[in-house]
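Notes follow once the structure below has been shown.
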Amino acid sequence: MTRGRDWKSLPWVLVGLLVLGAVLRFGTLGLQSYRYDEAVTVVRVIHPSLFDTLAAVPRSESTPPLYYALAWLWSRAFGTSEVGLRSLSALAGTASIAVVYLSARALPLPRRGSLIAAAIVAVSPVLIWFSQDARAYALVFLLTALSFWLFARARQSGSRQDLGWWVATSSLALLTHYFAAFVVVPEAALLLLGHQYPADGPIRQGSLDVPARRRELLAVGVVVATGVLLMPIALRQAENAHAGWIAEQPLGQRLERAAAKLAGNDNGDEHGKRQPGPIPLGIPLALALAALVLLLARGDPDERRGGALAGAVGAVGVGLPLLIGAFGVDYLDGRNLIPVLVPLVVLLGAGFGVRRAGRLGLALAAAFCLCSLVFTIEIDRLPRLQREDLRNAAHEIEPLRPGTAVVTIRYAINQPLRYYLGGRFAGGERLALREIDLIGSASAERSAHRLLPAAFHRVESKPVSYDFTLARFRAARTVNVPLRLLERGALVGGGPRASVLVAP
């Protein structure tokens, strides 16, 4: 293929990847019901007033406020349904495909390596998962990709414009998710240490362009100031311990899930062991390792330098939270590492796209992307890989009438059911009830009749999602039931206390 034809065909390849990524993200946007954290966004954070929404973030969330402000604005136009609110993330996820391509090109990497990196983003099951999630992860991936792109450009040019845009995108990434710092920090260090070209021309070996250095120091200072301004919110959120569950899970299990997410062999869930897909995890991991071997063995100096730069940022992005976790501040899990996937995906693209690898590199890249695409399709097909179908659970109950109480697992099901049923959490000492609906584990449901008042008899029991069962109990007359009895976790499983929902 001639160079002229190559130039003409490449933009269409990128357009094709954007179309594919958009179809995979928007095509099944409403397939799954809201999970717990998404329902928290809708029910507990987003209010009619923007000021109330922002005020809820420090006490309700463990991430900064930018996503919630944008989600509030988005909900004014598109509503808070699954498709309406998630479309913000789907748009950010689709745009990330092009930005990752630009990031790889700016290192600079060959066009085919850059297109491979974009293809990995387009079909990645975890990036598609969070592109269909009403949370901050797709937005922070996009902003981190923009930061990495502008970092690569600024490191090459040293221009005021590139540095200014790097400051803006890096600050916005920090305002979206704290783990963006683990990419921005090594970027800042490399900007200060790795001068290549000043604003007015190339730097001679051993020389220093003082105006360029001042611009870089000022740029890094502004980003640091953004982080400092976020500290009061971060400290307030840490007191709430909403993310305290992360450190309770084995570190090895968390690292395995993070590696599986990079390899395209996991969904966005973080609770419990990883659900295996149709392709063993070892296959995409071996392909990823082969990409690194190709980069080291066949890459030319420019390719190795570009890959090394992405690898350095990615290594620090994983190493810093591991180091901080060793001192007791442990929030490392796969979804928090979403920002760090940006340089790591670019590194894989650099390896697969090595010019001297020829068709072998392209074949390995195609196999890697095919593994991701197969897992993505399996998520859409298999309930065990999806979010729990709490929309269906609510459908089996609705409408939620007076005299009915829904007892369910706290911190897993209560917020989605609250959203879908339009209910409220019960208060007071006693409830006048004729029906009690339990949504929880099947094992807990089998012994629930011994814990409820004798007047209630089981009239129905059926699975309503992959893991949860609905057990319906009715009494012949209204019974005053103590709320503390209904809040016993043994009724539904999943913890010492249950949540009780009643009609508003």
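A compact table of results
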| quantity | calculated |
| --- | --- |
| Residue check, Ala412 closer than 28 Å to Pro278 by Cβ and either more than 27 Å from the chain's Cα centre (by Cα) or not assigned by TED's automatic domain parsing to the domain that holds Gly277 (or both) | yes |
| For Arg335: the one exception among (1) among the charged types (D, E, K, R); (2) in a loop (DSSP other than H, G, I, E, B); (3) more than 26 Å from Leu235 (Cα to Cα) | (3) |
| Enumeration of residues in segment 38-59 that are buried (at least 21 other Cβ atoms within 10 Å of the Cβ) and not β-branched (Val, Ile, Thr) | Glu38, Ala39 |
| Within segment 445-504, tally of residues that are acidic (Asp, Glu) and in contact with an Asp or Glu (Cβ under 8 Å, 6 or more places away or on another chain) | 1 |
| Filter result for Ala365 (modelled with pLDDT under 95, of a type in the set (A, V, I, L, M) and either over 30 Å from Glu248 (Cβ atoms) or in a strand (DSSP E or B) (or both)) | no |
| Scan of segment 60-70 for residues that are touching a helix residue (DSSP H, G or I) at 6+ places or on another chain (Cβ under 6 Å) and either surrounded by fewer than 18 Cβ atoms within 10 Å (Cβ to Cβ) or closer than 29 Å to Ala119 by Cβ (or both), ordered by number | Ser60, Tyr67 |
| Any hit, segment 9-18, residues being of a type outside the set (Phe, Trp, Tyr) and over 21 Å from Gly349 (Cα atoms) | no |
| Single residue of Ala168, Ala134 found to be over 22 Å from Val318 (Cβ atoms) and within 15 Å of the chain's Cα centre (by Cα) | Ala134 |
| Residue match in segment 248-256 (condition: without any contact (Cβ under 8 Å) to a residue 24 or more places away in the chain, surrounded by 12 or more Cβ atoms within 10 Å (Cβ to Cβ) and of a type in the set (S, T, N, Q)) | yes |
| Residue tally, condition in a helix (DSSP H, G or I) and surrounded by fewer than 19 Cβ atoms within 10 Å (Cβ to Cβ), over segment 260-295 | 7 |
| Segment 118-154: number of residues that are touching a Phe, Trp or Tyr at 6+ places or on another chain (Cβ under 6 Å), part of a helix (DSSP H, G or I) and at pLDDT 95 or above | 8 |
| Residue among Thr176, Thr169 that is modelled with pLDDT of 95 or more, closer than 30 Å to Ile128 by Cα, in a loop (DSSP other than H, G, I, E, B) and of a type in the set (S, T, N, Q) | Thr176 |
| Search result, residues across segment 375-391 that are surrounded by fewer than 17 Cβ atoms within 10 Å (Cβ to Cβ) and either assigned to a helix (DSSP H, G or I) or of a type in the set (Asp, Glu) (or both) | Ile377, Asp380, Arg381, Pro383, Arg384 |
| Tyr411 being at pLDDT below 95 and over 30 Å from Leu287 (Cβ atoms) | yes |
| Qualifying residue in segment 48-62 (condition: within 30 Å of Asp380 (Cα to Cα) and among the aliphatic types (A, V, I, L, M)) | no |
| Restricting segment 436-459 to residues that are farther than 22 Å from Ala412 by Cβ and touching a Lys or Arg at 6+ places or on another chain (Cβ under 9 Å), the residue that is surrounded by the fewest Cβ atoms within 10 Å (Cβ to Cβ) | Val459 |
| Condition check for Leu433: over 34 Å from the mean Cα position of the chain (by Cα) and crowded, with 21+ Cβ neighbours inside 10 Å | yes |
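The values are calculated or read from the model by the stated rules, or taken from the named source; none is laboratory data. Everything quoted here is computed from the prediction, not taken from an experiment. Backbone-built Cβ (ideal geometry, glycine too); neighbour counts: all protein chains shown.
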